[in-house]
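For reference, the structure discussed in these notes is given below.
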Amino acid sequence: MEMDILKAIELAISHETEARKSYLALAQESEDPELQRLLREIAAEEAGHEATLRSRLRLYEEKHLLRDTISRYVSPQMCADILNNPGLLQLGGERRQVTVLFADIKGFTALSERMEPEKVVEVLNNFFTEMVELVFQHQGTLDKFLGDALMVEFGAPVQVPEAPFQAVTCALAMHRRLHEMQEQGFTPIKGMRIGINTGEAIVGNIGSHKRMDFTVVGDVVNVASRLQGLTKELEADTLVSEATYLEVKDGFRFEAVPPLVLRGRRETTLVYRLLDGN
């Protein structure tokens, strides 16, 4: 329907162009100076109207394209907020307190080896569809897919009240939804592992002038990723950093993990295993 309307608008604008040309042609044919001036003035008005219409149509098309693009990464409400404030996507590197969540599928490499490639894609698509919906429900932003994993941030590009709480609640919801999918025979996936960290990051459009993506970078991301990787060693479903734990400890049950040194770091890190909500 929208495409038909846009085509109709383009046709109307083309009629404006033809009318302008006709006025100019009539001005050349007329021998009356006053009529010539009138026709040229009308043609100039038509040109201005045509330019305005094309500009407004272009702005609509750009906004429509932007909406289609960002709606893949954020909830409809957050998408509306961004469209009302496009500057949120033009930060160019702003420091922001965010909570980052990494999640991947347990044993997916071994699982995928037993399936046809088409089935692997189907399983991943079904899994990601359900998980991303939960991310949006909890005001998260899908940053990217990483094979059988996904990276999510809470607090960018739109600031989210109680972002750490939203992230931990989302993690529990993701585990519950996967369990429901298993009970319904909807997926062969046996489990998932999640790492969550909170801290300061640089958020903004990062890339080249030809291809840029909105993302977050910084140590907060690295720690979240390493916590997610550590879940396998500790046989945990979800691990959170001390920074996240301090923000949400009154709303959930946790179990402290013996202090350890994360890969690439020198100092020990306090880590907590998420049990469930109170």
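The values are calculated or read from the model by the stated rules, or taken from the named source; none is laboratory data. Quantities reported herein were computed from a predicted structural model and do not represent experimental measurements. Don't worry about glycine lacking a Cβ; one is built from the backbone with ideal geometry, like all the others, and counts go over all protein chains shown.
Filter region 158-207 down to the residues that are of a type in the set (S, T, N, Q) and under 21 Å from residue 270 (Cβ atoms) and list them by number. Residues satisfying the conditions are 197, 198. Cβ separations smaller than 7 Å between residues 6+ apart or across chains give the following pairs from region 125-147 residues that are surrounded by fewer than 14 Cβ atoms within 10 Å (Cβ to Cβ) to residues that are of a type outside the set (Gly, Ala, Ser): 144/151; 145/128. Do you know which of the residues in region 247-278 that are of a type in the set (Gly, Ala, Ser) and not in a loop (DSSP other than H, G, I, E, B) is nearest to residue 227 (Cα to Cα)? Ranking the candidates gives 256 first. For beta carbons closer than 6 Å, sequence separation of 6+ or different chains, a first residue in region 254-277 that is within 17 Å of residue 232 (Cα to Cα) and a second that is of a type in the set (Lys, Arg) and at pLDDT 80 or above, the qualifying pairs are 255/273; 257/273; 262/226; 263/226; 275/253. Across region 247-267, the qualifying residues are those that are buried (at least 17 other Cβ atoms within 10 Å of the Cβ) and in contact with a Ser or Thr (Cβ under 7 Å, 6 or more places away or on another chain), and the one among them that is nearest to residue 97 (Cα to Cα) is 247. Highlighted here are the strands (runs of 3 or more DSSP E) found entirely within region 153-246 that include at least 3 residues which are of a type in the set (Gly, Ala, Ser) and surrounded by fewer than 24 Cβ atoms within 10 Å (Cβ to Cβ): 192-207.
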